[in-house]
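Asks: Next up is a structure, given as structure tokens.
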Amino acid sequence: MRLDEQSREHVGRYCIKLVVAAAIAYILKSENFLATFALWTGIYGVMAVAYAVHRGERLGKTSFTYWDEALWLAATALGLYIFSGHQLAV
């Protein structure tokens, strides 16, 4: 399976956002690195949603979009938050 150019760009941006979020969490030297990493990853997810809405994107069947990127970032943020030792309030 080969990714098209648009999909590769979204995967690349996702990876870059994770590296930047981890770097910010590290630089802030917070008490709980994973929770701070999750926070910044979630912020990037919200920004991806805003950009998808602004561009009027829809979920694509052939290429990844900002909606896919937002979903990956949200899932990653949720996983990081859970692994940080916090429990979700329901």
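The values are calculated or read from the model by the stated rules, or taken from the named source; none is laboratory data. Since the structure is predicted, the reported quantities are computational estimates derived from the model, not experimental observations. We place every Cβ from the backbone using ideal geometry, glycine too, and count neighbours over all the protein chains shown. Keep in mind that these areas ignore ligands, DNA and RNA; they rest on the heavy atoms of the full protein, side chains included. Shrake-Rupley method; radii C 1.70, N 1.55, O 1.52, S 1.80 Å.
Asks: Is one or more of the residues making up the stretch 5-19 modelled with pLDDT under 90, surrounded by 12 or more Cβ atoms within 10 Å (Cβ to Cβ) and assigned to a helix (DSSP H, G or I)? Lay out the reasoning, then the answer.
Replies: Going residue by residue through the stretch 5-19, those that are modelled with pLDDT under 90 are 5-7.
Then keep just the ones that are surrounded by 12 or more Cβ atoms within 10 Å (Cβ to Cβ); that gives 6-7.
Right, trim to assigned to a helix (DSSP H, G or I) and you get 6-7.
Yes, the stretch 5-19 contains a residue that is modelled with pLDDT under 90, surrounded by 12 or more Cβ atoms within 10 Å (Cβ to Cβ) and assigned to a helix (DSSP H, G or I).
Asks: Here's something else I'd like to know. Please give the number of the condition Thr65 fails out of (1) in contact with a helix residue (DSSP H, G or I) (Cβ under 6 Å, 6 or more places away or on another chain); (2) hydroxyl-bearing (Ser, Thr, Tyr); (3) open to solvent by less than 60 Å² (accessible area, probe 1.4 Å).
Replies: Single failed check for Thr65: (1).
Asks: A further question follows. What are the residues in the stretch 54-78 that are of a type in the set (S, T, N, Q) and either part of a loop (DSSP other than H, G, I, E, B) or farther than 19 Å from Val19 by Cβ (or both), if any?
Replies: Thr62, Ser63, Thr65
Asks: From Tyr51, Tyr26, Tyr81, grab the single residue that is part of a helix (DSSP H, G or I), touching a residue at least 24 places away in the same chain (Cβ under 8 Å), open to solvent by 40 Å² or more (accessible area, probe 1.4 Å) and not hydrophobic (A, V, I, L, M, F, W, C).
Replies: When all the criteria are applied, what remains is Tyr81.
Asks: Output the residues belonging to the stretch 29-40 that are buried (at least 18 other Cβ atoms within 10 Å of the Cβ) and farther than 14 Å from His86 by Cβ.
Replies: Result: Trp40, single match.
Asks: Here's another thing I want to ask about it. Which one of the conditions (1) closer than 15 Å to Arg13 by Cα; (2) in contact with a helix residue (DSSP H, G or I) (Cβ under 7 Å, 6 or more places away or on another chain) does Leu71 fail to meet, given that it meets all the rest?
Replies: Condition not satisfied by Leu71: (2).
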